Amino acid sequence: MSEPEVLVERIGALGRITLNRPRAINALNHSMVRSMASALLEWADDESVCAVLLTGAGERGLCAGGDIVSIYHDARDGGSGSADFWRDEYVLNAAIARYGKPYVAIMDGIVMGGGVGVSAHGNVRVVTERSTIGMPEVGIGFVPDVGGTYLLSRAPGELGTHIALTTARMTAGDAIACGFADHFVPSDRLDEFEQALAGVSVEDALAQFAQPASASELVAQRDWIDAAYAADTVEEIVANLRSSDVPEAQAAAEQILAKSPTAAKVTLRALRHARTLDTLEAVLDEEYRVSLACLKSHDLVEGIRAQVVEKDRNPAWSPSTLEAVTDELVDRFFEPLGEAELGLAAALVSGEEVR
């Protein structure tokens, strides 16, 4: 028999969750989300569990994101499985953010999309020199979700806007500077660090193994990033980048123009609005509306087809230019869902649980 896709175990006072799809870089599916949620719920009221540890099996990374091939088939066939998956996934993201015990996420290797959602909302986020962290959604005609717009909108200056629109990858130093991580532990000390967590407090383990991370290259480029991305529209941002004499800025313009024009504009709107929302729950509610709208869009199916399914790397976006994406089209991605709303913000106010 094959191993479970999520390994749940107790090691002393430590509850350990291991994402266990190493061949897929531990990409999340619905059953994995449910397994994680069940374990966290059980341990929340178990006084013998003092902390939770999240790791990924294999050498490549914690989690490459959601299972987008399943989303592709669901979107193409008009199914509802992705909506159900996202609902449970976002509820899990919110639960992680408000978990009452230390939640230690080892963000080693590749951590993308949904992998960010199950790690970067934790209260103890550990990166290594191998960490590569990003929100690559606009490259497949989607929009940063799993609370990604909450995190990105709160990064220093316009770094989050740059990361979202170009799908830039963060190093360990970048992730700490941008608020996606807290501590750096060298990869060759991870085994010792994880073993220590089973016997001492999280604070003591960090004191023993955490080291300063390398400086953030993104922070070092804030001058041109902040100047270019402060604009109100994606068209203006691209024009600012193209007129810059900084080679990295000109490269960023071309990266944005290669992405879905619709996803880029919806992403900018989502990021700007996320800044005005007080809670992660309110942001997740909005991301759920946007995600369901993306599920019905042309660009999500086309983007996954081009990047992952057929891999021709030549998506035919529709509309094909930023200028052709109207404000009215962007508005549709934010329309209320009525009875289908995620409802996390309302539940937070009322003290109810969303399941």
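Before moving on, here are some points about what is shown:
- Residues that are at pLDDT 95 or above, under 24 Å from the mean Cα position of the chain (by Cα), more than 26 Å from TRP317 (Cβ to Cβ) and among the aliphatic types (A, V, I, L, M) do not occur anywhere in the range 234-252.
- Residue within the range 40-49 that is over 21 Å from ALA213 (Cα atoms), open to solvent by 10 Å² or more (accessible area, probe 1.4 Å) and touching an Asp or Glu at 6+ places or on another chain (Cβ under 9 Å) present: no
- Test result for SER35, hydroxyl-bearing (Ser, Thr, Tyr), outside any loop (DSSP other than H, G, I, E, B) and crowded, with 18+ Cβ neighbours inside 10 Å: yes
- For the residues GLN221, GLN208, the requirement of being at pLDDT 95 or above, over 28 Å from ARG275 (Cβ atoms) and polar (S, T, N, Q) singles out GLN208.
- Flag for ALA164 being of a type in the set (Gly, Ala, Ser), touching a strand residue (DSSP E or B) at 6+ places or on another chain (Cβ under 8 Å) and assigned to a helix (DSSP H, G or I): no
- Complete set of residues in the range 191-217 that are open to solvent by 30 Å² or more (accessible area, probe 1.4 Å), part of a helix (DSSP H, G or I) and within 22 Å of ALA97 (Cβ to Cβ): GLU203
- Test result for GLU5, over 19 Å from the mean Cα position of the chain (by Cα) and buried (at least 18 other Cβ atoms within 10 Å of the Cβ): yes
- For the range 110-151, a residue qualifies if it is among the small types (Gly, Ala, Ser) and either in a loop (DSSP other than H, G, I, E, B) or farther than 28 Å from ARG269 by Cβ (or both), and the qualifying residues are GLY113, SER119, ALA120, GLY122, SER131, GLY141, GLY147.
- First in the range 124-142 and under 22 Å from TYR99 (Cβ atoms), second anywhere and surrounded by fewer than 21 Cβ atoms within 10 Å (Cβ to Cβ) and among the aromatic types (Phe, Trp, Tyr), Cβ under 6 Å, 6 or more apart: VAL127/PHE184
- Residue in the range 86-109 that is open to solvent by 50 Å² or more (accessible area, probe 1.4 Å), assigned to a helix (DSSP H, G or I) and at pLDDT below 95 present: no
- Of the set (1) crowded, with 21+ Cβ neighbours inside 10 Å; (2) part of a helix (DSSP H, G or I), all apply to ASP188 but (1).
- Cβ-Cβ distances below 8 Å connect the following pairs, each with a first residue in the range 330-355 that is over 28 Å from HIS298 (Cβ atoms) and modelled with pLDDT of 95 or more, a second residue that is assigned to a loop (DSSP other than H, G, I, E, B) and open to solvent by less than 70 Å² (accessible area, probe 1.4 Å), and a separation of six or more residues or different chains: GLY343/VAL354; LEU344/VAL354; ALA345/THR279.
The values are calculated or read from the model by the stated rules, or taken from the named source; none is laboratory data. Predicted model, so just to flag it, every value in this text is computed and none were measured. Neighbour counts are summed over all protein chains in view; Cβ atoms, including those assigned to glycine, are modelled from backbone coordinates with ideal geometry. Note: accessible area is taken over every heavy atom of the protein model, side chains too, but ligands, DNA and RNA are not part of it. Shrake-Rupley method; radii C 1.70, N 1.55, O 1.52, S 1.80 Å.
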